[in-house]
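Below: one structure, written as structure tokens.
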Amino acid sequence: MSSLRQGLQQKLLQKLSPQQIQLMKLLQIPVANLEQRIKEELIENPALEEGNQKEEEYELKDEDHGDEETISNEDEDQLGEREDDISIEDYMTDDDVPDYKTASGNGSADEDKKEMPMVLKANFQEQLLAQLYQLDFDDKQYHIAAQLIGSIDDDGYLRRDLNSIIDDLLFSQNISTTLKELSTILSAIQSLDPPGIGAQNLQECLLLQLQRKDSSKPLVAHAIKMITHYMDEFSKKHYDKIIKGLSITEEELKPIIELILKLNPKPGSTANEGQRSAEHVIPDFLIYNNDGKLELTLNGRNAPELHVSREYKEMLDHYSKDKKNKANTQAITFVKQKLDAAKWFIDALKQRNHTLLETMRAIMQYQYDYFLDGDPRKLKKMVLRDIAEKINMDISTVSRVSNSKYVQTQFGTFLLKNLFSEGMETTSGEEVSSKEVKQILSDAIGEEDKRKPLTDDQLAKILHDKGYNIARRTVAKYREMLDIPVARLRKTL
């Protein structure tokens with residue numbers, strides 16, 4: 001049986017201060033979210049105020065702050081009145097008064113009603129449910145149809161097994177149905193808009209859309225026959241087999257393929273486009289080319305000027321005069337805590353801006369030639385360590401700065417982390433960025449004959465002739481990173 005022992009142990013630990021943690025969090029915030037973060041701090045901390053007020057900075061002092069300070073500009077009576085206006089209990093209590101209790105309805109009839117209209121658009125499942133009235137369904141069939149619509153994914157496909165949906169209906173809604181009845185109701189749903197909705201695979205999705213067209217036309221008839229019998233050959237671009245199977249010429253095949261390519265492979269995504277808000281990229285950095293000289297600025301984007309509240313500083317002075325009062329002691333602790341937090345937040349914002357500018361300035365100098373004209377082939381090999389060594393900061397700091405930040409130039413706005421890349425050596429011993437190799441690879445594929453696309457071996461030979469000693473598997477890896485398919489799938493008639 002082991003005995004309990006008591007002893008002392010000395011350890012050396014490294015912990016981050018709250019101020020350091022706050023700075024790291026602010027470094028990660030892009031300019032698009034900074035304004036909201038400042039507003040949150042203004043709401044949480046009444047000692048932090050907005051505006052560019054000219055006043056003495058609040059100094060972080062010890063608890064005997066009030067013993068050395070005197071109140072200026074106001075006498076005791078004036079400060080007492082201010083104290084009545086700003087009560088500490090208002091901030092120390094947890095019993096907040098709801099807004100509806102303080103709201104008044106005494107507005108004038110002629111007063112302008114400034115309301116922001118909100119547009120709510122139904123998703124495609126709700127659109128389908130709204131169309132069910134067109135179908136002659138009884139109550140049971142309606143519930144089955146609603147279950148099927150709820151099982152359709154965001155692309156507009158019903159990828160769940162129908163037998164599983166039968167089980168769901170039985171256990172969750174106590175509705176018993178058969179595979180035949182379920183298939184009949186699904187066919188009815190597939191007749192709704194958008195065309196192709198509710199398909200169980202891509203082949204069925206394309207056929208549902210083609211069947212909405214005039215099948216008496218030879219072009220549509222051939223397209224239906226090709227998707228029905230030669231879907232695998234079409235997806236792999238084995239055009240010779242399709243031409244032979246349909247007994248048509250290559251010239252007749254071209255308009256058929258054009259017709260199919262105009263169909264929508266993801267009808268659900270199109271129906272949901274109204275729900276998606278447009279994404280606006282707000283740059284964190286702005287780089288201007290002033291006659292060959294680059295100028296860097298940090299995008300403030302309406303970030304307000306902040307200062308420490310004068311009222312709270314005077315309040316601290318007032319309460320510090322009578323420390324024997326227990327209520328005053330609590331008030332001193334509360335006010336000083338809020339003042340310290342306000343000062344720390346302002347300092348953290350200044351440090352954030354300084355770190356961002358120092359890091360971006362180092363990146364701009366490192367990639368100076370690239371920022372002059374935007375030629376991707378001029379991008380140098382650059383990793384986080386390269387910039388960290390230039391600014392004498394930790395790699396993690398550079399990573400936080402470059403993450404989710406955008407830089408705007410005269411030739412476009414780019415994600416900062418995309419400027420970082422590994423490098424490789426050419427046959428002449430020169431070190432180049434992998435982005436330069438990808439750009440050459442992309443240009444070669446863009447200029448290829450689409451009837452006879454370049455294979456990975458041929459692309460590797462082109463790069464080798466330009467001095468880039470790259471294996472075929474590396475070419476394949478770069479091609480996949482560029483989201484470019486293999487040669488067979490790039491082939492056109």
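The values are calculated or read from the model by the stated rules, or taken from the named source; none is laboratory data. All of these numbers come straight from a predicted model, not from anything done at the bench. Virtual Cβ from ideal backbone geometry, glycine too; neighbours counted across all protein chains shown. These accessible areas exclude ligands, DNA and RNA; they are computed on the full protein's heavy atoms, side chains included. Shrake-Rupley method; radii C 1.70, N 1.55, O 1.52, S 1.80 Å.
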Response to the item:
Counted residues in the range 444-476 being surrounded by 13 or more Cβ atoms within 10 Å (Cβ to Cβ) and among the acidic types (D, E) come to 2
Discussion item. Given the condition surrounded by 14 or more Cβ atoms within 10 Å (Cβ to Cβ), assigned to a helix (DSSP H, G or I) and in contact with a strand residue (DSSP E or B) (Cβ under 9 Å, 6 or more places away or on another chain), answer yes or no: does some residue in the range 331-338 qualify?
Written reply: yes
Discussion item. Looking at Q134, Q147, Q78, can you tell me which residue is at pLDDT below 90 and either within 30 Å of C205 (Cα to Cα) or in contact with a helix residue (DSSP H, G or I) (Cβ under 8 Å, 6 or more places away or on another chain) (or both)?
Written reply: Q134
Worksheet item: So which pairs qualify, if the first residue must be in the range 389-408 and more than 18 Å from V31 (Cβ to Cβ), the second must be open to solvent by 30 Å² or more (accessible area, probe 1.4 Å) and among the acidic types (D, E), the Cβ gap must be under 6 Å, and the two must be at least 6 apart or on different chains?
Response: I391/E358
Worksheet item: Assuming R479 fulfils every condition listed in (1) over 28 Å from the mean Cα position of the chain (by Cα); (2) surrounded by 14 or more Cβ atoms within 10 Å (Cβ to Cβ) apart from one, which condition is it?
Response: (1)
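Here is a check on your reading of the model: is I395 open to solvent by 40 Å² or more (accessible area, probe 1.4 Å) and in contact with a helix residue (DSSP H, G or I) (Cβ under 7 Å, 6 or more places away or on another chain)?
yes
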Worksheet item: Within the bounds of the range 168-176, is there any residue that is among the polar types (S, T, N, Q), more than 16 Å from Q141 (Cβ to Cβ) and either open to solvent by 80 Å² or more (accessible area, probe 1.4 Å) or not in a helix (DSSP H, G or I) (or both)?
Response: yes
Discussion item. Here is a check on your reading of the model: is H238 at negative phi, in contact (Cβ under 8 Å) with a residue 12 or more places away in the chain and out of contact with any Phe, Trp or Tyr (no Cβ under 7 Å at 6 or more places or on another chain)?
Written reply: no
Practice prompt. Just need a number here: residues in the range 405-426 that are over 16 Å from M481 (Cβ atoms), at pLDDT below 85 and out of contact with any Phe, Trp or Tyr (no Cβ under 8 Å at 6 or more places or on another chain).
Written response: 1
Response to the item:
Quick count over the range 226-259, residues being of a type in the set (K, R) and closer than 13 Å to T492 by Cα, is 3
